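Comments concern the structure below.
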Amino acid sequence: MIERRPGLTVVVMVAVAILAQTTLFARVRLVGVAPDLVVLAVVIATLRLADVPSLVTGFVAGMLMDALGSNALGLRAVVLTLVAYVALRTRDRADVGPLAVAVWVAGLTLVGVALLLLLGTLFDQIGLTGGEALRRLLLVPVLNLVAALVVSPLTGRMLEAGSGRRVRL
Amino acid sequence: MREYRDTRTVPTLVTLIVIGFLVMTLDIRASGGGLTGTLRDGTTRLLAPVQRVAAAIVNPLADFMEGLADIADLRAENADLRSRLASVQAELASVQDSLERLEVLERLNDLTLDEADLIQTPANVIGRTDSFDLSFRIDKGEADGVLAGHPVIDENGYLVGRVLSATAHGAVVVPIVGDREAVTVVAGGRIGSLSAILGSGQMRLDVFDTPDPMLAGTQVVTSFQSVSFPPGIPVGEVVETVKPVGGALRATVEPFSDLSRLRVVVVLTWPPDPTAVTETPPTTVVEDGAGGGDGGAAEGGDGDHPGGGG
C-alpha cells in the first residue's frame, strides 16, 4: 500500500532540489550542462507518494522552476506533471535496487528533457537547436543517472524514516 | 507489488495539464504581465531571500569545485593573457594618441560631448534555472532602481544582456546570447546588427552596404544608434575574417563576457532618468563620458529590433 499522506520529507527534498538546482548547479556545470535535480526529486517522490500527490508535486515543482526562470509559466509544470505520470506508471519495475532506480531516473529525465525541448520549441520558449539541443538531451540524463546513484541511498533512508516503511532505492 | 490504483489519477493529470497550458498561454499573451505576472512576481518575492541565503552557502563550495576544474586551464590562460596584454598595451598607445587628437578637434570645433550620469547598480547573480534557460536571477530589483530593459554589464565592463523583468528585490536578466532581440553595434567603423545564434554561445553580425571585409579580431561595441544600450560598451570580437557578398557581410562574433563565470554584474540605468537619480537609492554613481547624445537615434536604428533568429 502506498503512503497516501504527502510527506514533509518529499516537500523538503523537492525544495532542496530546487535550491541546489538554481544556486549550486547554476555555477557548477560539466561542459555547460548541469543535472536536473528537480526531475530527479519528482521522480523519486513518486516512489513514496500516492498518484495524485505525485502529480501535484510535479506540477508545483515545475511551476516554481518556471517562476524562477524566464520561460513561460507552466512550461516545466506540464513537463514535470507528465514525467511524474510516466514515473507512476513505471515505478513498479524500477523498485528493485539503486542501479535500477538510477537507470529509471535517467530514462525519465530523457523523457522530460525531450518534452521540454518539444514544448519549448512549439511555444517558442527554448532557443536550442541542432547539435546543442542533442548534446543536452543526452548529457542531462547521464548526469542525472550519476546523481541518482549518489543521492538515492540517502533519499531512500529519508523516505523510510518519513513513512515508517521500507523504500527500496 | 502495489495493489493501490487511484481512479483520480487520469482526471488529475488532465486537469493539471490543461491548467499548465492555460497558464502558459496566458503568460505568453500577457508578455509577463497580468495575472501570471503577479503570480511570478509573488513567487520570486517569496523565494528570492531563500535563494540568496542558499547562494551564499553554496558559493564557497562552487568556488572550490570551479577552482579544481580550472587548475588545468590556468597555465594556458596565463600565457594567452600575457600575449593579449602586450597587444592591448600597443592598442592603448594608439588610442591615447587618438584621444589627444579628438580633444584638439573638439576644441577647434567648440564641441562638448553630452555627458550623462549613469547609475550603476552592482548585483550578485543568485540563480539560474536549468541547462535550457540561459537567463539568470540577480539580487537587485525595483527597490534598487533596477527596471526591465536596463542594460547589464559584467565587472570588466563587457555587455552581458538586459533586465527582462524586475520585482522589488530581484530581477531576471536575459543575456545577449540568449536574447531574441538584436543589438545595434559598431564593428570596424561600420554599423551592424548583432543577433544571437541561439544555443551556440556565439552571435551573428550582419553589416550591409560594405565593400570591405571584416577582419578577424575586430572589436564589436554598442552603437550610438542603439536606444537600449549606451554607446561604446564592448560586446565581443569577430571570430574569423569575412568578405562581403553583394555588399553585405555576415560574421560570427564571440562575446567577451563569460556567462558561466558570472557572479557579479552591473545594471546600468539607461536611458538616464533624472527622476530616478533622486528617487532610487543608487549604490554607485559614475560619470560616463560616452553616454547620452543619441536621442534622435530612436527613430533610426533601434538596438532592440527582432533578431535574425538562430
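Figures for the structure shown
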quantity: Relative contact order for chain A, counting Cα pairs under 8 Å that sit 6 or more residues apart, in percent; calculated: 26
quantity: Built amide H within the under 5 Å cut-off of B:Asp139, gap 5+; calculated: B:Asn124, B:Ile126
quantity: Order by protection proxy (mean Cβ within 10 Å, highest first), peptides B:150-156, B:16-22, B:160-166; calculated: B:160-166, B:150-156, B:16-22
quantity: Separation of alpha-carbon centers, region B:8-56 and region A:21-57, rounded to whole Å; calculated: 17
quantity: B:Asp206-B:Arg8 FRET efficiency (beta carbon distance; Förster radius 60 Å; 0.05 resolution); calculated: 0.65
quantity: Unit charges on C-beta of K, R, D, E only; dipole of chain A, Debye; calculated: 400
quantity: Among A:33-41, A:147-155, the order from most to least packed when residues are scored by Cβ within 10 Å on average; calculated: A:33-41, A:147-155
quantity: Residue-normalised accessible area of region A:8-158, expressed per residue, 1.4 Å probe, Å²; calculated: 33
quantity: Exercise: per-residue mean of other protein chain Cβ atoms within 10 Å, B:122-129; calculated: 6
quantity: Solvent-accessible area buried by A and B, counting both chains, probe 1.4 angstrom, square angstrom; calculated: 5300
quantity: Peptide-level mean, for B:205-211, of C-beta atoms on other protein chains within 10 Å; calculated: 0
quantity: Solvent-accessible surface (1.4 angstrom probe) belonging to B:Lys243, in square angstrom, nearest 10; calculated: 150
quantity: Net +/- balance of residues flanking B:Ser131 in space, Cβ distance below 13 Å, scoring K and R +1, D and E -1; calculated: +2
quantity: Chain A - percent of accessible surface contributed by carbon and sulfur, probe 1.4 Å; calculated: 72
quantity: Inter-probe distance in nm under a simple model that places probes 7 Å from Cα toward Cβ, at B:Val88 and B:Ala248; calculated: 3.5
quantity: Efficiency of FRET from Cβ geometry, A:Ala114 and B:Ile71, R₀ 35 Å, rounded to 0.05; calculated: 0.50
quantity: Segments B:73-79, B:58-64, B:260-266 sorted - mean Cβ within 10 Å per residue, highest first; calculated: B:260-266, B:58-64, B:73-79
quantity: Partner chain coverage, peptide A:25-36 - average Cβ within 10 angstrom; calculated: 6
quantity: For region A:8-158, alpha-carbon Rg relative to the globular expectation (2.2 N^0.38 Å, N residues); calculated: 0.96
quantity: Mean projected area (nm²) of the alpha-carbon convex hull when region B:202-263 is viewed from all directions; calculated: 4.9
quantity: Estimated vicinal HN-Hα couplings, Hz - region B:35-49 in sequence order (Karplus 6.51, -1.76, 1.60; Gly, Pro = x); calculated: 5, 5, x, 5, 4, 5, 4, x, 5, 5, 4, 6, 8, 4, x
quantity: Under Karplus coefficients 6.51, -1.76 and 1.60, residue-wise ³J(HN,Hα) of region B:82-93 in Hz, glycine/proline x; calculated: 4, 5, 5, 4, 4, 6, 5, 4, 5, 5, 4, 4
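The values are calculated or read from the model by the stated rules, or taken from the named source; none is laboratory data. These numbers were taken from a predicted model, which means no experiment stands behind them. All Cβ positions, even for glycine, are placed from backbone atoms using ideal geometry, and neighbour counts span all protein chains on display. The area values use the complete protein model at the heavy-atom level, side chains included, leaving out ligands, DNA and RNA. Shrake-Rupley method; radii C 1.70, N 1.55, O 1.52, S 1.80 Å.
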